[in-house]
Structures are given as C-alpha cells and as structure tokens.
1. Just for region 51-78: of the residues that are hydroxyl-bearing (S, T, Y) and surrounded by fewer than 20 Cβ atoms within 10 Å (Cβ to Cβ), which one is farthest from I99 (Cα to Cα)?
2. Out of D78, D28, I need the residue that is charged (D, E, K, R) and touching a helix residue (DSSP H, G or I) at 6+ places or on another chain (Cβ under 7 Å). Which one?
3. Might you let me know whether region 199-209 holds any residue that is under 18 Å from N154 (Cβ atoms) and among the acidic types (D, E)?
4. When the residues of region 153-167 are filtered to those that are loosely packed, with under 11 Cβ neighbours inside 10 Å and part of a helix (DSSP H, G or I), which remaining residue is nearest to the chain's Cα centre (by Cα)?
5. Only one of these is under 23 Å from the mean Cα position of the chain (by Cα), of a type in the set (A, V, I, L, M) and not in a strand (DSSP E or B): L67, L53. Name it.
6. Within the bounds of region 94-112, is there any residue that is out of contact with any Pro (no Cβ under 7 Å at 6 or more places or on another chain), closer than 16 Å to D35 by Cα and among the aromatic types (F, W, Y)?
7. Looking at region 15-37, which of the residues that are under 17 Å from H62 (Cβ atoms) and not acidic (D, E) is surrounded by the fewest Cβ atoms within 10 Å (Cβ to Cβ)?
Amino acid sequence: MGVYGRDVAATKELADALLSGKCASINDVRDGDADVCFIAVSDNAIESVANQLSFKSTVLVHCAGALEIDVIQKAAVDTAVLWPVYSILKGSLPAHRDIPCAWEATTDKARRYVQEMAHAITEELFEAKGAQRKWLHLSAVITNNFVNHLLAINEQICKENELPASVLQPLITQTFERVRQASPYTVQTGPAIRHDEATIDKHEKLLADHPEFKKVYEALTNSIQAMYKVDV
C-alpha cells in the first residue's frame, strides 16, 4: 500500500497515518501492488490523474459526487465510485458511523471491493448511479453549502448591527430538529409564504446597502412563493 500526492508534506502525513509507504511519483503506482486504488483529488483533476494509470487487476475508485464513473474507465478494467454524502474536514473527522455513502461499480469485483471498503466507516451504504448521484450532489450543495452561506450572511448582519449572532442558535437548532420529524415543505413559515408584502418590503429596504444579500433574499422569497403558488 502506498500514497502519492503532489504535496510532499501532506503525502507524508497521510502515509504515516495509514502506516503506509509513499510513492515518489505517479509512475510508482503500479497495477497489482494494491487491491484498490483511490483517486482522492479535486474533481477537475480526477480524469487527468486516471489517464496516467493503467490497471488490469487493481480496482480504481474515485470519490466525487458530481462526476460520472466514465472519467476513470479507460484507466482500469474494474472501476467504482464511493462518495460520502457528508462534509468531512481535515482535523475534524467524525467519531460516528452515520455517514451515508453512495456507490457505483462497473463490475462485480469492483462492487465487492468498494462495499468492503465502505463498510469500514459506515453501515449506510446505497447504490446511486451517475445521474442519480449528480442530483444528490446538487441537493447536498443546497443543503450544506448554501445553508452555511445563509448562516454566514446572518452572522455578518448581526455583527454590523452589534447584535449577538448566538441568539439565533436556538432557532437554527429548532429548524433542523423540525425537518428531522417532518417534511420541510410542510413546516415552512415566514413572510413569503404568508404573502406579507409589508414585511418583505421592509427587509429589502434594510438590505439596500448589501445588494448581493438583497438578491439572495428576493430569489428565496420568489422561490417560496412559487413553490406554494402564492398569488402576487
């Protein structure tokens, strides 16, 4: 088993953590040296890395939610995708096994290996082929990245107006607790769904000095009203 990466320090750190050796160059990543080879790089680099590999016995796996399995198929006989539907940050790895993982494989051998590897970190394993995984990745971006951005906007608004952002924490907790128990569609509240144009107008005026925030507010208001067919 070995680890190859362009960042020498990061490669050494990962290799040491895995009790593994290091590959000096990608040419040292040879077919048959390991049962499975993971390409864990940025999405736009996966295909170029795969094009430098040629495996007949080693299973090749990429870990991107938004990329087809096709981008690595020329590089190996047995290919698979394993995508954790979870935001994993270096230095803050989860101590639990509640990490849903989507998989796809081109052969029975690849399926067996990718499932065995996945079961080392989770029991929540499901098949999601290319198109399904793309839609799920889009949903994950909205759920995680977009929601986090909205919270960052809230934090900035509070800071600029000398308000403690911490007072919103119980509301944030309540919001996510609700959607664990019910469909988000059924628990929507707020001025948009109430067609409270007076409050919406006040909010938009408050955001006059933040045109980008105002665009977000208007877009979400319009989306809510369209979803619930509110007459405007």
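No lab work stands behind these numbers, since they all come straight from the coordinates. As the structure is a computational prediction, the values presented were derived from the model and not from experiment. Neighbour counts run over all protein chains shown; Cβ positions are idealised from the backbone, glycine included.
1. The residue in question is S54.
2. Checking each option against the conditions leaves just D78.
3. There is at least one residue in region 199-209 that is under 18 Å from N154 (Cβ atoms) and among the acidic types (D, E).
4. Here the residue is S166.
5. That would be L67, the only listed residue that is under 23 Å from the mean Cα position of the chain (by Cα), of a type in the set (A, V, I, L, M) and not in a strand (DSSP E or B).
6. No, region 94-112 contains no residue that is out of contact with any Pro (no Cβ under 7 Å at 6 or more places or on another chain), closer than 16 Å to D35 by Cα and among the aromatic types (F, W, Y).
7. Applying the filter and picking the extreme gives I26.
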